Amino acid sequence: MGKVRQKLTAVREHWFQILIACAALALAFGLGMSFQAEWEDAEEETQIRTALSNFSRQMLLFSNDVLRMSREAEQAQATGEPIDDPTEDYVISLSLSFLRERAVTLFGIMHLRQFNDYRNANFYLYWLKPTFLGGNYQDLKSLLEVVTICQPLLDARPGGPLEETMALLEENVTSGGYQEALDLLGLKLDINGDLILTTTQGGT
C-alpha cells in the first residue's frame, strides 16, 4: 500500500507535466493525421489535373474528327451519296475509349474537399459522369452530343490549376451560354441561377 500511495503522490505532484505530455501527444497525432490527409489530397489532385489535361487535348482531336465527319455526312446527303458509319472508324472508337479512361480519374475532382463550394460545377459533373461513361454512342448524332455535353468543361481550360478550372466551370454552367449541353444532361437553371434536375432527365 505504501508504494501505491507514493505513486499516487508522485502523480498528483506532476499532474500538470503529465497533462502537457498527453496534450503534446494528441496534438502530434492530430497533426500527423492532418498532414497525411493533405498529402493524399495533393497526390489525388495531381492525378486529376493530369487526367484533365490529357482529356482536354484528346477531346479537341475527337471533336475535330466528329465535326469533320458531320460535314462530310451533310455533303454526302446533299449529293445523294451513302453516308459512312462513324463506328467503323477506328480513330473514333479509340479516341472515345481513351476519353472515357481519363474521365474515370478526372471525375474524382467532385470528391476533393477544397472544391465543395462549387456546387453547380459539381452538380454538372455528377450528371455528366453517368451520361458520358454510360452512353451508347453508335451514330454521328450521339457522337456530336458527346462533344456538346463536355463543352462547358472543355471551355474551363482544364490542365491549369484545378481551382481555376472549377471556378470557370461554375461560371460556365450558370452563364446560360451552354443550354444545349444542360438540356442533353437533363439540367436547367432555377430562378436563383442554380442547376437543378429537370423532371425528365436528358442524355444519350
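Available extension along the chain between residue 61 and residue 74 is 2.7 nm, counting 0.36 nm per residue and deducting the alpha carbon span. The heavy atoms of residue 143 offer some 0 square angstrom of accessible surface to a 1.4 angstrom probe.
Once the Cβ-Cβ distance between residue 192 and residue 126 is put in as r, and R0 is 22 Å, what FRET efficiency do you end up with, to the nearest 0.05? Between residue 192 and residue 126 the formula returns 0.75.
For residue 49, the accessible area of its heavy atoms, probed at 1.4 Å with every protein chain present, is near 110 square angstrom.
Residue 44 to residue 104: extension gain in nm, 0.36 nm per residue of separation minus the Cα-Cα distance?
Taking 0.36 nm per residue and subtracting the Cα distance, the gain is 20.3 nm.
Using 0.36 nm per residue, how much length does the chain from residue 167 to residue 155 gain when fully extended, once their Cα-Cα distance is taken away? Length gained between residue 167 and residue 155: 3.2 nm.
The values are calculated or read from the model by the stated rules, or taken from the named source; none is laboratory data. Not measured: the values here are computed from a predicted model. FYI the Cβ positions are ideal-geometry reconstructions off the backbone, even for glycines, and counts take in every protein chain you see. The accessibility values were calculated without ligands, DNA or RNA, using every heavy atom of the protein model including side chains. Shrake-Rupley method; radii C 1.70, N 1.55, O 1.52, S 1.80 Å.
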